[in-house]
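We did not get these values from a lab; they are worked out from the coordinates using the rules stated. All of these numbers come straight from a predicted model, not from anything done at the bench. For neighbour counting, all protein chains shown are included, and Cβ atoms are generated from backbone atoms with ideal geometry for every residue, glycine included.
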Amino acid sequence: MKSTAEKNFKTQLKFVYSDNNTLSIIFQKNEILLGVVGEFNNNIKQLEEITDTNIYTRGNSILVKSNQKKNELIKNAIKFLSEQFIINGTIEKKDVISSINKFMIDEKNNYIKNIEYIIKTPKKSVIPRSEKQKKYVRALKESEIIISAGPAGTGKTFLAVAVALTMLLEKKIERIILSRPAVEAGERLGFLPGDMREKVDPYLRPLYDSLYDLLDFEKIQKKIEVGDIEIAPLAFMRGRTLKNSFAILDEAQNATDTQIKMFLTRIGENSKIVINGDPSQIDLPNKNLSGLNRSKKLLGHLKEISVVDFDHTDVVRHPLVSKIVKAYSDQKTE
């Protein structure tokens, strides 16, 4: 049975092709048109800049005048942005960037299929931006242990936190545990001022940022205070057994083989463990000590464990980030 969102989406847009390579995208509701266009036409201007295409608005329509390939590119981008607006009621700058991701502009790609991967949180609905991200979300929901590796900006941490938060709010788990190696402090945190949370907060800031982006600040603080969300440096995880928990180890490229083994073997009943890292950003004194890649090789064959490798094509930040990542990656292969 088709969802209400799918039925509504199919009735919102109409596409009319003219002989002079002009595509008219007609909106049934001006509210959706205004959301897609953005304040002061900012979304359209950004699409024009990224795709080097001329896009116009006229009445209840968006007009695209270019070759067939670019017309289809903009068509699919507008479809994606319309869907995003219908679901979330807003469009962010990163959504415009994602809308022209090569996975999103494939003619054969069915946009509505993305609905099954939507992660609904109190502040927003999170939609995977690429095929790898969809595979990752599916793994986060179905597998007991997930190991992901790839460059910054591919959504590894954000998607994991989003899935963990929805499971916590739906009472499928009792606790979220966020961990990260405090390499800069040499994992010797005793000499740092403050209690444990104050000691490790600077190292866990990206995880906090993801939480605050998905749930109100006050509610996050309350869940931290009552222990529903726990902040624990990797060094403090030894000897524990995690039950009814969703544990995320971020920046795992800075964890040694022994540390990753220790973290993975904490898993208990009704729990998930996620290992995230970027092999190109190892801060350990001896880069050969990093255990991230070794864990993928040793455990990737186990059916209970999912391994997802991201690359520059999955970056959903500014397009320039993808180009930077690719440039550095290409240099290593020369």
Mean Cβ neighbour count within 10 Å, used as a protection proxy, ranking 207-213, 162-168 highest first
162-168, 207-213
Among 71-83, 284-296, how do they line up from the highest to the lowest mean number of other beta-carbon atoms within 10 Å?
71-83, 284-296
Set of lysines near residue 326 by C-alpha distance (under 16 Å), chain-local residues within fewer than 8 positions excluded:
102
Rounded to the nearest 5, what is the percent of antiparallel bridges among the DSSP beta bridges in region 125-333?
5 percent
Exposure proxy check on 157, 258: fewest-to-most Cβ neighbours within 10 Å is 258, 157
Stretched fully, the stretch from residue 244 through residue 222 gains (0.36 nm per residue minus C-alpha distance, one decimal, in nm) 6.0 nm
Highest mean first, what order results for 261-267, 39-45, 247-253, 130-136 on Cβ atoms within 10 Å?
247-253, 130-136, 261-267, 39-45
Quick one: which of 14/123; 14/70; 132/323 span more than 21 angstrom between C-alpha atoms?
14/123
Report the far tail of the P(r) of region 125-333, meaning the percent of Cα-Cα pairs longer than 29 Å.
20 percent
Summing Lys, Arg as +1 and Asp, Glu as -1, what charge do residues with Cβ under 11 Å from the Cβ of residue 167 carry, residue 167 excluded?
+3
Distant-in-sequence amide H partners of residue 182 (H built 1.01 Å from N, under 5 Å):
187, 234, 235
Are there trypsin sites (Lys or Arg not before Pro) in region 143-180 that DSSP marks as loop and that have at most 14 other Cβ atoms within 10 Å, and which are they?
171, 172
Sequence gap at least 6, Cα distance under 8 Å: using those rules, report the relative contact order of region 14-70 to the nearest whole percent.
37 percent
